[in-house]
Amino acid sequence: METIIVRRAETRDLDDILRLNLALFEKEYQEYDSSLDIEWVYDETRGKKYFQKRVNAEGFAAVSEYEGRVVGYLCGGIHESENFRKKIRTACLENMLVEEYVRGKGLGKKLFNVFLDWCKENKIELISVTASAQNKQGIGFYRANGFQDYNLTLELKLKGND
């Protein structure tokens with residue numbers, strides 16, 4: 001019988017979260033966005049610090065375990081909306097990955113549901129997520145969980161301005 005556990009992340013999970021985030025960055029870098037800074041993940045003052053904050057209750061972090069091994073994670077945080085829109089409590093699903101060999105077992109959905117419960121507890125009115133436009137699988141997951149297209153960001157890369 002398969003053992004699947006989804007729970008809030010703890011300090012002991014930090015190494016696994018960093019490992020999974022690096023895998024996410026490497027996949028994104030290779031397939032969608034070569035401007036990502038792979039070094040960010042393990043940098044003490046950037047990536048590592050960000051994940052430590054998320055794990056230590058400045059925001060949200062959860063992990064999924066399969067057969068006793070951490071194989072997925074989700075991080076997010078609260079962002080007050082202070083732009084041209086009405087001020088509302090907004091959360092952002094900032095990054096998420098479930099290892100490929102265990103996809104389709106419901107771990108991503110369970111991670112998202114734990115995040116959704118946290119958002120409800122924190123009286124969040126809107127959840128946003130950003131995905132690479134070419135990441136059809138990720139976008140499909142988000143749409144299947146109720147996200148709808150809202151904004152579209154377009155970029156133009158200029159050559160020779162390095």
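Of note:
- Failed item in (1) surrounded by 19 or more Cβ atoms within 10 Å (Cβ to Cβ); (2) over 17 Å from residue 108 (Cβ atoms); (3) touching a strand residue (DSSP E or B) at 6+ places or on another chain (Cβ under 7 Å), with residue 79 passing the rest: (1)
- Selection within the range 123-162: residues that are without any contact (Cβ under 8 Å) to a residue 12 or more places away in the chain and farther than 24 Å from residue 36 by Cα. The member of this set that is surrounded by the fewest Cβ atoms within 10 Å (Cβ to Cβ) is 148.
- Looking only at residues of the range 74-84 that are part of a strand (DSSP E or B) and either more than 17 Å from residue 112 (Cβ to Cβ) or in contact with a His (Cβ under 7 Å, 6 or more places away or on another chain) (or both), we find that the one that is modelled with the lowest pLDDT is 80.
- Considering the range 85-126, and only residues there that are part of a loop (DSSP other than H, G, I, E, B) and among the acidic types (Asp, Glu), the residue that is modelled with the lowest pLDDT turns out to be 125.
- Residue among 71, 129, 41 that is modelled with pLDDT of 95 or more and within 20 Å of residue 5 (Cβ to Cβ): 71
- Residue that is surrounded by the fewest Cβ atoms within 10 Å (Cβ to Cβ), among those in the range 86-109 that are within 17 Å of residue 150 (Cβ to Cβ) and either touching a helix residue (DSSP H, G or I) at 6+ places or on another chain (Cβ under 9 Å) or touching a residue at least 12 places away in the same chain (Cβ under 8 Å) (or both): 88
- All positions within the range 1-27 that are among the small types (Gly, Ala, Ser) and either assigned to a helix (DSSP H, G or I) or more than 17 Å from residue 108 (Cβ to Cβ) (or both): 23
- For the range 28-60, a tally of residues being in a helix (DSSP H, G or I), touching a residue at least 12 places away in the same chain (Cβ under 8 Å) and over 14 Å from the mean Cα position of the chain (by Cα) returns 5.
- Condition check for residue 128: of a type in the set (S, T, N, Q) and over 20 Å from residue 18 (Cβ atoms): yes
- Qualifying residue in the range 5-27 (condition: touching a residue at least 60 places away in the same chain (Cβ under 8 Å), over 22 Å from residue 135 (Cβ atoms) and more than 16 Å from the chain's Cα centre (by Cα)): yes
The values are calculated or read from the model by the stated rules, or taken from the named source; none is laboratory data. Please read these numbers as outputs of a predicted model, since none were measured by experiment. So basically every Cβ, Gly included, is an ideal-geometry build from the backbone, and we count neighbours across all protein chains shown.
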